[in-house]
Amino acid sequence: MAAIASDHGHGHGHDEALHHQFEDMEQQNDSYIVGMWTFLVTEVMFFGALFLIYTLYRSMYQLDFYLAHKVLDTRMGMINTFVLLFSSFTVAMSVRFAQLQNRMGVLAMLGITQICAGTFMVIKYFEYQEKFGHHLYPGPGFGSSPSYLNGASPNFAQLYFGLYFGMTGLHGLHVLIGMIVIGYLMAKWWRNSPMVTKDYIPTELVGLYWHFVDLVWIFLFPLMYLMPKP
Amino acid sequence: MASTPLSSDSKHGGHSHIINPWVLFFNMLWLMFLLVITFIASEFDFGNVIINNVVAMLIATVKAVFVIWIFMGVMHASKLAKIWVVTGFGVLFLMFGILGDYATRQYEPVSGWETNVPNNGGSAFPREWPPQKKPEQVGENFRPRG
């Protein structure tokens, strides 16, 4: 007990970032990371249920899903995947710079991440705009331009596009939230806030969130854009 | 600007690990290479649609593992965090067991959910739309026991 108490005292004297309820920085950081992963696991289950619905309906209506998916622009999807993978690298670098307390390094890397996120959203905007122009959004007017359905049954093509807009839309919402959170983090770094400069964990946690966004897209891209012929 | 690294504090048990930037860079290149492989594999026919889908998902899973292990730093995380991550994805895997229900419906025939009807995958969502049956006929999702 005495040993713990002395460690505790030592920790307080050494690390400004150490909160009183933790024994040392290792325990504190571990708690933050496990907490963040708990949140991410709930996100995994949230997206997982959508992937389950998608798997079920695609296995039932393989041909219709395949024909409907041909409308998507694989090139746009590929570019977006490259952009997200690169942004994951820049976020990982920003965490590294945060650990080294290199303020400008963090700001530069997070800035590039923001540009990548913006690029992703702009590409997505053009993709959505094209689908909306062809009446390929679920609703009463769906399939009013049948040539864009490539011969798929309008009902099951509508199911496919419902899942497409639902899943990529929710992913896009996560990208948008990521941009806001990264923007907030950048503001903290810009103002030299001790919250981020004395403790790399806030940068690490935002990074974990961003990697998760990348992770979801890694599965969305082949499932939505690269369907094999049934 | 670089001062004392926050994580070099070995007195606290080396609580964080600074990953070599080259590891991150080569991980990114490797992921991009796998992305190109994903695209090439999607153009290639491995025999049947199930194998083609399995190959696509296997490559995606390998990509996900590299993102989680290296970019998300699970490689250097504590055992508790590792168990948490594995459990999280394990539960996701278990959830896909629900598909077993759909795969085995033919063994438990229920009116309206038949799998032996042409163009019907065993769903309450009929192949014909709007449904030809009246709603009360479609809604019989139980059968008398005994």
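Of note:
- Residue in region B:37-45 that is over 26 Å from residue B:24 (Cβ atoms) and either surrounded by 13 or more Cβ atoms within 10 Å (Cβ to Cβ) or facing another protein chain (nearest Cβ under 7 Å) (or both) present: yes
- Candidates A:31, A:94 - the one that is of a type in the set (Gly, Ala, Ser) and open to solvent by less than 30 Å² (accessible area, probe 1.4 Å): A:94
- Every condition in (1) surrounded by fewer than 18 Cβ atoms within 10 Å (Cβ to Cβ); (2) out of contact with any helix residue (DSSP H, G or I) (no Cβ under 7 Å at 6 or more places or on another chain); (3) modelled with pLDDT of 95 or more is met by residue A:59 except one, and the failing one is (3).
- Within region A:91-108, one or more residues are at positive phi and within 11 Å of chain B (Cβ to nearest Cβ).
- In summary, helices (runs of 4 or more DSSP H) completely within region A:47-144 and bearing 1 or more residues that are within 17 Å of the chain's Cα centre (by Cα) occur at A:74-99, A:103-133.
- Qualifying residue in region A:180-203 (condition: closer than 20 Å to residue A:39 by Cα, in contact with a Pro (Cβ under 9 Å, 6 or more places away or on another chain), more than 9 Å from every other protein chain (Cβ to nearest Cβ) and modelled with pLDDT of 95 or more): yes
- For the residues A:165, A:156, the requirement of being open to solvent by less than 50 Å² (accessible area, probe 1.4 Å), more than 13 Å from chain B (Cβ to nearest Cβ) and under 21 Å from residue A:226 (Cβ atoms) singles out A:165.
- Positions within region A:204-228 being over 16 Å from residue A:32 (Cβ atoms) and facing chain B (nearest Cβ under 7 Å), in sequence order: A:214, A:215, A:218, A:219, A:222, A:226, A:228
The values are calculated or read from the model by the stated rules, or taken from the named source; none is laboratory data. What you see is a predicted model, and the numbers here were worked out from it, not measured in a lab. Methodologically, a virtual Cβ is constructed for each residue, glycine included, from the backbone with ideal geometry; neighbour enumeration extends over all protein chains shown. In case anyone asks, the SASA skips ligands and DNA or RNA and just uses the protein heavy atoms, side chains included. Shrake-Rupley method; radii C 1.70, N 1.55, O 1.52, S 1.80 Å.
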